[in-house]
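Below you'll find the structure, written out as structure tokens, and then a few comments.
The values are calculated or read from the model by the stated rules, or taken from the named source; none is laboratory data. Note that the structure is predicted; figures quoted are calculated from it, not measured. For neighbour counting, all protein chains shown are included, and Cβ atoms are generated from backbone atoms with ideal geometry for every residue, glycine included. Each accessible area value is taken on the protein alone, full model and side chains, heavy atoms only, with ligands, DNA and RNA left out. Shrake-Rupley method; radii C 1.70, N 1.55, O 1.52, S 1.80 Å.
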Amino acid sequence: PMLYFSERDIPRLRYKATNTHAKIAKIIKEAGKALKEKPEYYLPPKSFEKFGSRWNELYGNNLCAFAMYCVLYPEDIKALALVKLYMDRMTSYPDWYVAASRNIDEVPVGHSLTGYVTAYDFLFPVLEAERRKVYLQKIGNQTGVLYNVVQRGRAGWTRQRIHNHAPSNVFAMLIGAMVYEDFNPVVRLWRETAITMFEKAMSILEVVVDGSIDEGVAYGSYTSRGLSQYIFMAQRHFHKDHSQHSWLQQHFWFYFATALPGFQRTVGIADSNHNWFYGPESQLVFLDAFVMRNGYGNWLADRIRSAKPKNPPLARSMSQKWATVHTEFIFYDATLKSTQPVLPSNSSCHIFSDWGVVTYGGGQYLKRGNTFLSFKSGPIHGEAVSDIVEHRWFPNLDPGWTNFNPGHEHPDQNSFVFAPNGRYFITEALYAPKYSDLNNIVTFSPSEGSKCNSPWEGQIGECGKWLEYKKIPAPRGKIVTVTTSGEMIHMAGEAVGAYRPELGIRSVQRSMLLLTSEVLLVLDTIVLYSDSKIKTASTLFHNILHSFQPSTWNLMASAQVVYPEGPYAVFWLQEEGNSPTAHFVDHHYAEDKKITTRYVNITYPLNKGGSTKVAYIFVGPYTKLDRAWFHNTSTDEITHLSIMINQTEHKISMASLLTPVARRASLLGFGGYVTLKKDKQIIQFGYENTRLKLDRYTTYKYVVFMNGICFVCVLGLVIAVKKKSLLQTSTRWFWKCLFLITMTWLLTFYHFIWYLFSHIFFPHSEYVYGSTKQPLVFVVSLPGFGAELTEAMFSNSSDFLYFTTNDAPANVHGDDFNRYDACYWPPDFPGHSITGGWFASMKTEPLLFLNNLQNPSSHMKYLQRKFREMNKGPRFAVNLLSGFWNTKLEWLYDIIGPEMRTIIMVRDPRDWIYSLTREDLSSQQRVIQQNVLKSLLRKMKCSPPALLPWEYSSMKKGKEKRTLVEKLAFIWARNVATMVRIGRGIQIIRLEDLEKDPGRVVVEVFKRIGFTVSVPQINRVIRSVRTGYFPLLYEDAIKEDRDPEWTDNMEEDDIDIIEYVCSDVMKKLGY
């Protein structure tokens, strides 16, 4: 053997089968036992015609497990004889196609070849010479079949790198070539071709930064089966290490966060069965052993293995039951202790930012209170691939959709799955024709362009066996906001981009609020254009297991699914208080009509003059729902409704996704979308503070005031004592008072000094600032700190217009704002009134500011258009870039006022100084680096009333004696200290935090501003960091978990100098 192990490894494998790997070996033994007990059931048929008469992938899949059994248990002669017979029969067939798709679909060939080659490799030591020769010839022939298909480019899998067919077939071609290469060296080209195809797939997946696969969990397990086996081969044989690959690093969560309570079902997005097609235990132990090394994969594999169902519909099919058990045994690392995973969010919520899916409650045990909720609204094939298709990120790929195939996806934007207490309540229809009414979405009528189910029309791409996906731009939904508060979660999506524009729909919104583990509120809002011909909408909710039963509650229509513990019910009402009639349907679909879904269909008329709102309330059996009603204060901009749960009123205010941010701030008190009032508590979803701490400027004035009072008191006592100095009996009392007040004054003075010096460097976690209706964001940093990455945070936002001072230069008379400058401008600075007016107009007259730009850049022209399109709602986020403005934040705050929000980007000084002094940059990078150094080291002279901040005073002495490293260290320490001391409404972002956990950082940034962040925004930030396609100012692109090069390449003396100079500030910032 040589593919997965060598002959000398076999004794060790046999030992593991009786010890550390016994739980997996038990499954392999079951496979061997089954083969011996019912050989004709498992052996390939004698007849070639019968073999090709139906889908036959099971023969290749099962052969791997049978061969592995023979390796581990060599004493079982009967099993070995049966496996040889198995291979003999497969060898006798002319080809391994299914007759109905011969020379069309190579997937059966790929499966058969993978199993055949694997068995040949495993059993090579015990095969007779003649069998080796015959089997090897068969391997060469069938591998050649696949290679010829690749050369002709006939089949989709030869171009569609990450479609599930590709990894299966290409892996078969790879290991076939590896085995056959010793016999025929020409076959090396086949192997290199397979490796190239896999590496192109890995290159594409690198930008899919959330670890997901667009085809869903079931087909995703099919794709990852081939990918994990290739990655193992690449490391073992070709010295290619993908363990740090960004997609692989996150792929575990694709299994964990999508598993419903009990570990027997998964979320049924896209074509799916109830759980996984292949594995996923093999993929999980692989990820643990070769990527994560934290015990998470082993833990989840143990849970899935122990909960594995034995009966339909949840039991694995015979063709997939043992397909990956051999690699599960080989990949498993028993030294990794099983550790229960903790989601990166440290909550029950996980965001798949590329896939456009949010899950809540994944990876839990099945018990009361463990609830699963998922929501999907994203672009076809995910954010990254849709961008590749639309913008041609990868020039070496063919234009359009040629290299991608999301045909297994469904028309399902704004769909959801709800399993309170782990019970299947609202489900997907699983593997189904691509009809919109087989998904939990909204359809519309009448439509003249309906392709099926006339007069109803759903989402783009519907009506076929496969999704029609070749439209550009890609149809898409968008998750606009995801926020949590304790065990509650709010999600809202806009799906209008998934419907044909000809329908005349302005907005298709779905807002979901999980109030308790058993109560889910879903608010659908439909807005039509005035000329739309659509009159009616229909909302559908599915259950794949149980029929909905009609019922009523408080004069409202309802439907329920009954479980042993009681009914799970859904109630609905419109804004006017009425409850539309529903239809209850058991729908049989699939080609053989053997698959059934049950759904409730709620149909209602649409308002032409405004929005149409329908609220759906899903309730479990352990909760008493007393009453639900809309408030008459609701408008098109905001919805107010109340739900009485267990005699407690929950008053909910939900802003429309069309409501501009300034208006949301006015209606809700912050820039998010939902507030909840209950038990005298107000919860603002997406805004972190419920109490406001004093602003530092207010604290400063308070301390000065108290010092003044103490001083006056002391002065009065001194005068009084002097006047009564002859009255010895009185002076003792006065001296006691003097002592007491003096001590009070000294304590206050100490507080003042401590405040000035210790709190100069406020960590951003020590305070928050209040909400504002119209925040204006400024990003400040020194060149090379990585502030360029904030573009990804704000440029894709519907609430902000992002630009830099390179896009719109500020007019600063007598100064070059493009250079670093340390001069401090105090508030009410008499100079630069024109510059002050320029900044002030951003706040007071943003449209005028945009229109008055002289010779606007292409980006600013784009912002002018976008400002008008966005109903004049967004605010500016301005990156001040050069460092010129870092010491002028107090002056800027005096102009902007409390609406100013300052983001200070910082970087480890050792890393920053190394980046400025390293000499291994390209010539172009070197030029930029040297220009930055010249700007930082230039002689600065401040003309009064401008002056150098006191932090800079120590730099004047002995400056000529300092080394370059020491000069840069002082610049870092003094500039960062000054920014934090004089800044108002600041939050600090460390570049290292952004590298490590970009998703969390962007959510926290917006939360502290008082806004929520959309899933596409999160995705763009994560993609910027993890993919390496977004370089810094004069360096190569940063990557997640990069190793800081300064630790190996800087002189120890230089590191000591930096740490000595910067230590106080570094400690405050957590370095």
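Yes or no, residue by residue, for (1) open to solvent by less than 10 Å² (accessible area, probe 1.4 Å); (2) farther than 29 Å from ALA977 by Cα; (3) at pLDDT below 90:
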{"residue": "GLY784", "(1), (2), (3)": "yes, no, no"}
{"residue": "SER798", "(1), (2), (3)": "no, yes, yes"}
{"residue": "ASP807", "(1), (2), (3)": "no, no, no"}
{"residue": "HIS813", "(1), (2), (3)": "no, no, yes"}
{"residue": "PRO827", "(1), (2), (3)": "no, no, yes"}
{"residue": "GLN854", "(1), (2), (3)": "no, yes, yes"}
{"residue": "MET870", "(1), (2), (3)": "no, yes, yes"}
{"residue": "PHE876", "(1), (2), (3)": "yes, no, no"}
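Of the candidates TYR589, TYR568, the single residue that is in the same structural domain as ILE426 (by the TED database), closer than 29 Å to LEU676 by Cβ and in contact with a helix residue (DSSP H, G or I) (Cβ under 8 Å, 6 or more places away or on another chain) is TYR568.
Just one of (1) at pLDDT below 95; (2) under 34 Å from the mean Cα position of the chain (by Cα); (3) open to solvent by less than 30 Å² (accessible area, probe 1.4 Å) fails for SER101. It is (2). What pairs come out if I take residues in region 319-342 that are closer than 18 Å to SER243 by Cα and pair them with residues that are open to solvent by less than 40 Å² (accessible area, probe 1.4 Å) and among the charged types (D, E, K, R) whose C-beta lies under 6 Å away, six or more apart or interchain? That search, which allows pairs on different chains as well, returns GLU328/GLU281; LEU336/ASP288. Restricting attention to region 899-943, the residues that are in contact with a strand residue (DSSP E or B) (Cβ under 7 Å, 6 or more places away or on another chain) and among the β-branched types (Val, Ile, Thr) add up to 4.
Taking region 1-78 and the helices (runs of 4 or more DSSP H) fully enclosed by it, the elements with 1 or more residues that are in contact with a Leu (Cβ under 9 Å, 6 or more places away or on another chain) are at 10-17, 22-37, 39-42, 57-72. Within region 287-310, residues that are free of Cβ contacts under 8 Å to residues at least 40 places away in the same chain and in the same structural domain as PHE263 (by the TED database) reach no partner that is buried (at least 21 other Cβ atoms within 10 Å of the Cβ) and aromatic (Phe, Trp, Tyr) with beta carbons closer than 7 Å at six or more positions or on different chains.
What do you reckon, is ILE489 touching a residue at least 60 places away in the same chain (Cβ under 8 Å) and either more than 23 Å from VAL614 (Cβ to Cβ) or not assigned by the TED database to the domain that holds ASP799 (or both)? Write out each step before concluding.
Working: touching a residue at least 60 places away in the same chain (Cβ under 8 Å): yes; either more than 23 Å from VAL614 (Cβ to Cβ) or not assigned by the TED database to the domain that holds ASP799 (or both): yes.
So ILE489 fits the description; yes.
Candidates in region 661-706 are the residues that are crowded, with 19+ Cβ neighbours inside 10 Å and in a loop (DSSP other than H, G, I, E, B); of these, the one that is modelled with the lowest pLDDT is TYR687. Residues in region 592-609 that are modelled with pLDDT under 90 and basic (Lys, Arg) were compared, and the one that is least open to solvent (accessible area, probe 1.4 Å) is LYS608. Flag not set for ARG1026, criterion: surrounded by fewer than 23 Cβ atoms within 10 Å (Cβ to Cβ) and not acidic (Asp, Glu). For region 641-648, the condition holds for no residue, the condition being that it is open to solvent by 40 Å² or more (accessible area, probe 1.4 Å), out of contact with any Lys or Arg (no Cβ under 6 Å at 6 or more places or on another chain), in contact (Cβ under 8 Å) with a residue 60 or more places away in the chain and not assigned by the TED database to the domain that holds GLY504.
Just a yes or no: is a residue in region 146-156 among the aliphatic types (A, V, I, L, M) and free of Cβ contacts under 8 Å to residues at least 40 places away in the same chain? There is no residue in region 146-156 that is among the aliphatic types (A, V, I, L, M) and free of Cβ contacts under 8 Å to residues at least 40 places away in the same chain. Scanning region 274-323 for residues that are part of a helix (DSSP H, G or I) and closer than 20 Å to ALA65 by Cα turns up GLU281, SER282, GLN283, LEU284, VAL285, PHE286, ALA301, ASP302, ILE304, ARG305, SER306. Of the candidates TYR568, TYR563, TYR589, the single residue that is aromatic (Phe, Trp, Tyr), buried (at least 20 other Cβ atoms within 10 Å of the Cβ) and in contact (Cβ under 8 Å) with a residue 12 or more places away in the chain is TYR568.
When region 136-167 is limited to residues that are part of a loop (DSSP other than H, G, I, E, B) and in contact with a Gly (Cβ under 9 Å, 6 or more places away or on another chain), the one that is least open to solvent (accessible area, probe 1.4 Å) turns out to be ASN164. Each residue in region 432-462 was checked for being among the hydrophobic types (A, V, I, L, M, F, W, C), modelled with pLDDT under 95 and surrounded by fewer than 21 Cβ atoms within 10 Å (Cβ to Cβ), and 1 of them qualify.
In contact with a strand residue (DSSP E or B) (Cβ under 8 Å, 6 or more places away or on another chain), crowded, with 23+ Cβ neighbours inside 10 Å and assigned to a loop (DSSP other than H, G, I, E, B): is that true of ALA492 in this structure?
Values: in contact with a strand residue (DSSP E or B) (Cβ under 8 Å, 6 or more places away or on another chain): yes; crowded, with 23+ Cβ neighbours inside 10 Å: yes; assigned to a loop (DSSP other than H, G, I, E, B): no.
For ALA492, the condition - in contact with a strand residue (DSSP E or B) (Cβ under 8 Å, 6 or more places away or on another chain), crowded, with 23+ Cβ neighbours inside 10 Å and assigned to a loop (DSSP other than H, G, I, E, B) - is not met.
The strands (runs of 3 or more DSSP E) located wholly in region 324-435 include none with 2 or more residues which are more than 30 Å from PHE66 (Cβ to Cβ), outside the structural domain of VAL1021 (by the TED database) and in contact with a Lys or Arg (Cβ under 6 Å, 6 or more places away or on another chain).
Within region 168-202, the residues that satisfy the criterion of being part of a helix (DSSP H, G or I) and among the polar types (S, T, N, Q) are SER168, ASN169, THR193, THR196.
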